[in-house]
Every structure is written in structure tokens, then in C-alpha cells.
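One structure is given here, and the rest of the page talks about it.
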Amino acid sequence: MYVSWLIVSTGVWLAGIGAIRYTLKALLSYHAWIYEPRNKPSLLTKIWMVVILHFISDCICIHDNLSANVNRLSCDIILNSLCDKSN
């Protein structure tokens, strides 16, 4: 039973990764915004900008959380080494 759950969850995970990759590929290949007037973007370009900003903000949040965890871990290591030397 656990093997079937493992196979299904792996398949769902891989399908999600594939969907994200395809979505990003489609979003990053959109170049119609280059040919539009500077002050009047089309509705499609506005939607594209919102979706791109959403993906970028998610990446920034993940990066900030990872760097905060690394900084916290390095501080813990330094503090532990200082406490060990004082004893």
C-alpha cells in the first residue's frame, strides 16, 4: 500500500514540476510587450506582468527564507563553538 502511495505522489510531484516548467517557458517566451506603446500596455501584457511578478515574489520569498535559515544556522554554530571554548 505504501509503495502505491509513493508511486502516485511521485507522479503528482513530477506532473506539478512539469506544469510549472511549461508555464514558465510559456511566460518567458512572450515578447509582444516590446512592440507596444510605452504608456498603453494591452490587457494581455498586464496579465503577463502580474503573473511574472507573482513568480518572482515567490522566488524571492523562498530565497529570503533559505538565507535566513543559513544565517541562523551559522550563528548557532558560532555560538556553540564559543560556548564550548569557554567551558
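The values are calculated or read from the model by the stated rules, or taken from the named source; none is laboratory data. Remember, it's a predicted structure, so these values are computed and weren't measured experimentally. With ideal geometry, Cβ positions are generated from the backbone for all residues, glycine too; neighbour counts draw on all protein chains shown.
For the range 1-28, which positions are among the small types (G, A, S) and either loosely packed, with under 10 Cβ neighbours inside 10 Å or closer than 21 Å to H54 by Cα (or both)?
Let us first name the residues in the range 1-28 that are among the small types (G, A, S), namely 4, 9, 11, 15-16, 18-19, 26.
Of everything in the range 1-28, those that are among the small types (G, A, S) and either loosely packed, with under 10 Cβ neighbours inside 10 Å or closer than 21 Å to H54 by Cα (or both) turn out to be S4, A15, G16, G18, A19, A26.
Quick check on my filter: what residues within the range 29-49 are of a type in the set (S, T, Y), at pLDDT below 85 and surrounded by 11 or more Cβ atoms within 10 Å (Cβ to Cβ)?
Y30
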